[in-house]
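Some notes on the structure that comes next.
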Amino acid sequence: MARDGSRGASGLGQSLVRVGVGAYWLYFASQKWPAPYGAPPHGIGWLLPLMEAAAKTNPVPGLQTVFSRLVVPNWQFFAIAQTVTETVVGVLLILGIATRPAALVGTLVAIELSLTVAFLQTDVGLRWLYYLPIPATLAVFVGGAGSVGVGRLLSRPRWLAA
């Protein structure tokens, strides 16, 4: 019997972690969807003040410049791109389709959020909302889809395999 993590209790556990991480991404994406579809606050407008604050206070060398010269002037593009990316990652992870590519993108987005928005959180204890998705999404990337997922039912190219 293959020990690829896709069978038995460990495969089910991987599937549950994958779905949980996908739900995390989908929930935070939904905060940027327009009313009445998303969770409050609705739309992308609330992201502009965050981006402006990150442009002024980010402690990571070079990111203040990137934010002030590139992100803030084009904030709507970046806000929509962030929303679409989080939504796609969440849906793909929940369904178990293209799990590893989706988890890799999710990990990169989590790193981006931890290097930018997390520093705006004054309560250091709440920063875990931005830091925890890095190892969680990375664990899905390493572990794969698990035993339960739509991706196992579909005929697909090899690169889309869970």
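The values are calculated or read from the model by the stated rules, or taken from the named source; none is laboratory data. The model shown is predicted, which means the values in this text are computed figures rather than measured ones. Heads up, the Cβs are rebuilt from the backbone with ideal geometry, glycines too, and the neighbour counts pull from every protein chain shown.
General observations
- Among the residues of the range 82-108, none is identified as closer than 19 Å to ALA53 by Cα and either of a type in the set (A, V, I, L, M) or surrounded by fewer than 16 Cβ atoms within 10 Å (Cβ to Cβ) (or both).
- The single condition among (1) of a type outside the set (A, V, I, L, M); (2) within 22 Å of PRO41 (Cα to Cα); (3) surrounded by fewer than 17 Cβ atoms within 10 Å (Cβ to Cβ) that GLN64 does not satisfy is (2).
- Some residue of the range 91-99 being farther than 21 Å from HIS42 by Cα, hydrophobic (A, V, I, L, M, F, W, C), without any contact (Cβ under 8 Å) to a residue 12 or more places away in the chain and out of contact with any strand residue (DSSP E or B) (no Cβ under 7 Å at 6 or more places or on another chain): no
- In the range 119-162, the qualifying residues are those that are of a type in the set (D, E, K, R) and modelled with pLDDT under 75, and the one that is surrounded by the most Cβ atoms within 10 Å (Cβ to Cβ) is ARG152.
- Any pair with Cβ under 9 angstrom, 6 or more apart, that starts in the range 113-139 at a residue that is without any contact (Cβ under 8 Å) to a residue 40 or more places away in the chain and farther than 11 Å from ALA54 by Cβ and ends at one that is surrounded by fewer than 17 Cβ atoms within 10 Å (Cβ to Cβ) and among the hydroxyl-bearing types (Ser, Thr, Tyr): SER114/TYR131
- Elements of the type helices (runs of 4 or more DSSP H) sitting completely within the range 28-111 and holding at least 1 residues that are within 14 Å of the chain's Cα centre (by Cα): these cover 75-95.
- For the range 24-50, filtered to residues that are at pLDDT 90 or above and among the hydroxyl-bearing types (Ser, Thr, Tyr), the residue that is surrounded by the fewest Cβ atoms within 10 Å (Cβ to Cβ) is TYR27.
- The single condition among (1) modelled with pLDDT of 95 or more; (2) over 30 Å from LEU12 (Cβ atoms) that PHE67 does not meet is (1).
- The listed residues are VAL91, VAL72, VAL66, and the only one of them that is out of contact with any Pro (no Cβ under 7 Å at 6 or more places or on another chain) and closer than 30 Å to SER147 by Cα turns out to be VAL91.
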